[in-house]
Amino acid sequence: MSVNVTKLPSGLTVVTDTMAHIETAALGVWTGVGGRDEKLDEHGMSHLLEHMAFKGTTRRTSQQIAEEIEAVGGDLNAATSNETTAYYARVLKADVPLALDVLSDILANPSFDAEELEREKSVIEQEIGAAQDTPDDVIFEHLSELSYPDQPLGRSLLGTPQTLAGFNRDNLHNYLTTHYRGPDMVVAAAGAVDHKHVVAEAEQRFASFEGTPAPKPVPAMFGKGGSRVIHRDLEQAHLTLALEGVPQSDLSLFSLQVFTNILGGGMSSRLFQEVREKRGLCYSIYTFHAAYSDTGFFGLYTGTDPADAPEMVEVIVDEMNNAVETLTEKEIARSKAQMKAGLLMGMESCSARAEQMARHILAYGRPLTVDELVARIDAVSVESARNAARGLLSRSRPVVVALGGGRGLDTAVSLAEGLARPKAKALLH
């Protein structure tokens, strides 16, 4: 990889990766602000601001923004997460300056037109309604709320109709100027790009962003565990479980990811084989780990017949407890191969490269090389994966949420307390 990094006087970082024989470019602006930066009366502000960025500037209407990019065959999009907000484009080589001009314009010169704002608030209310009609969205919203009680990380990124109703253009402008600061922003580009040209464009177009860092969010605290059953008349019972994971900087991160993959990361995973292939209890079951700057979130999801929910949870608990001490070299090797393949396959995509570089700079202060990442994966051993798993089961009590009908859900969530917290803790010492 030909990665180049330049920090501008404003503190904004420009990172590029020139890919030979590519005629297109993926580029964007990543900011270190998201849902967890919001105060209670700002709930949903990050997501609304992302939506409003495309609704007109002092130089362009919303229609002109769309037409200028699409007139050259490109596309423009954005996304909000708990810790970042990204605005990005994919264009042909010759149109990189245009994309940078549009991206800088929507962030530096938003008009926040009152009529557009009310219209977009209505659109997000429809998005909230759609999420409430989707069992997967509902159950994870409750899981986050129980895992991070009374904290921004425990709240939905969408906000609520009540908080949205209170937002005006001054609120949006203040939130933008407070959190969109040079030291917390990255312009990343990959593909048919020239580093010097991107730096020159970024220095000119993003000069208005201040050089002092944005305020840091309140540290996250994983909750004390617990359970919740949401009764709805559904065909399936949806089950989720969460445990406190590890942050991005934790040395056990890759070992925990290997364990997560072995447990529920694909068709060869222990849970998929035991629960679906051998017992036929579900269609889908998976585990994941999300690492944040100061905490981590391990999650498990599955859906089953309500009558089978207690058996499902018993199997999950048994598999998690057993896996800690029975991981094999073969499983470790398979999981590591999956992780390396996913990493290297992603490097063939301009968009994936740009996003990875930006996220690394926001998380670690620099882009990690492929060789570094592969070395960290290769360093995982059976013992390090087992230790990571022991830490996972001992770090917190489980949070369990069930959604659906039937009498078995209350029994099912109570069975999750069988995760071997005392045993796992004892093995750590």
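Is there a residue in region 82-91 that is open to solvent by 50 Å² or more (accessible area, probe 1.4 Å) and either more than 30 Å from residue 235 (Cα to Cα) or among the aromatic types (Phe, Trp, Tyr) (or both)? Show your work before the answer.
Step one: list which residues in region 82-91 are open to solvent by 50 Å² or more (accessible area, probe 1.4 Å), which gives 88, 90.
Pick out the ones that are also either more than 30 Å from residue 235 (Cα to Cα) or among the aromatic types (Phe, Trp, Tyr) (or both) and you get 88, 90.
Scanning region 82-91 turns up at least one residue that is open to solvent by 50 Å² or more (accessible area, probe 1.4 Å) and either more than 30 Å from residue 235 (Cα to Cα) or among the aromatic types (Phe, Trp, Tyr) (or both).
Name the single residue that is nearest to the chain's Cα centre (by Cα) among those in region 358-394 being surrounded by 20 or more Cβ atoms within 10 Å (Cβ to Cβ) and in a loop (DSSP other than H, G, I, E, B).
Among them, the one singled out is 367.
When region 180-213 is examined, which residues are found to be part of a helix (DSSP H, G or I) and in contact with a helix residue (DSSP H, G or I) (Cβ under 6 Å, 6 or more places away or on another chain)? Spell out the reasoning first.
Step one: list which residues in region 180-213 are part of a helix (DSSP H, G or I), which gives 182-184, 195-205.
Those that are part of a helix (DSSP H, G or I) and in contact with a helix residue (DSSP H, G or I) (Cβ under 6 Å, 6 or more places away or on another chain): 201, 205.
Write out, first by first residue and then by second, each pair whose Cβ atoms fall under 6 Å of each other, whose residues are 6+ apart or on separate chains, and whose first residue, in region 186-205, is farther than 13 Å from residue 28 by Cβ while the second is open to solvent by 10 Å² or more (accessible area, probe 1.4 Å) and assigned to a helix (DSSP H, G or I).
192/93; 201/97
Is region 141-160 home to any residue that is in a helix (DSSP H, G or I), open to solvent by less than 30 Å² (accessible area, probe 1.4 Å) and over 30 Å from residue 226 (Cβ atoms)?
Checked against the condition, which is being in a helix (DSSP H, G or I), open to solvent by less than 30 Å² (accessible area, probe 1.4 Å) and over 30 Å from residue 226 (Cβ atoms), region 141-160 yields no hits at all.
Does region 214-226 contain any residue that is closer than 15 Å to residue 147 by Cα, assigned to a strand (DSSP E or B), in contact (Cβ under 8 Å) with a residue 40 or more places away in the chain and touching a Leu at 6+ places or on another chain (Cβ under 7 Å)? Don't jump to the end; show me each part of the working.
Of region 214-226, the ones closer than 15 Å to residue 147 by Cα are 219-226.
Pick out the ones that are also assigned to a strand (DSSP E or B) and you get 226.
Still in the running and in contact (Cβ under 8 Å) with a residue 40 or more places away in the chain: 226.
Still in the list and also touching a Leu at 6+ places or on another chain (Cβ under 7 Å): 226.
Checked region 214-226: at least one residue is closer than 15 Å to residue 147 by Cα, assigned to a strand (DSSP E or B), in contact (Cβ under 8 Å) with a residue 40 or more places away in the chain and touching a Leu at 6+ places or on another chain (Cβ under 7 Å).
Check region 113-127 and report whether any residue there is in contact with a helix residue (DSSP H, G or I) (Cβ under 7 Å, 6 or more places away or on another chain), closer than 30 Å to residue 222 by Cα, in a helix (DSSP H, G or I) and of a type outside the set (Ser, Thr, Tyr).
Yes, region 113-127 contains a residue that is in contact with a helix residue (DSSP H, G or I) (Cβ under 7 Å, 6 or more places away or on another chain), closer than 30 Å to residue 222 by Cα, in a helix (DSSP H, G or I) and of a type outside the set (Ser, Thr, Tyr).
Taking only pairs six or more apart or across chains, which ones have beta-carbon atoms under 8 Å, a first residue in region 59-72 that is touching a residue at least 12 places away in the same chain (Cβ under 8 Å), and a second residue that is of a type in the set (S, T, N, Q) and open to solvent by 40 Å² or more (accessible area, probe 1.4 Å)?
59/109
Name the one entry in 211, 166, 223 that is surrounded by fewer than 16 Cβ atoms within 10 Å (Cβ to Cβ) and farther than 30 Å from residue 122 by Cβ. Show your work before the answer.
Details: 166 fails: farther than 30 Å from residue 122 by Cβ; 223 fails: surrounded by fewer than 16 Cβ atoms within 10 Å (Cβ to Cβ).
Just a single option satisfies the conditions, and that option is 211.
The values are calculated or read from the model by the stated rules, or taken from the named source; none is laboratory data. Note that the structure is predicted; figures quoted are calculated from it, not measured. Cβ coordinates were reconstructed from backbone atoms using ideal geometry, including for glycine residues, and neighbour counts include every protein chain displayed. The protein model used for the area step is the full one, side chains on, heavy atoms only, and it has no ligands, DNA or RNA in it. Shrake-Rupley method; radii C 1.70, N 1.55, O 1.52, S 1.80 Å.
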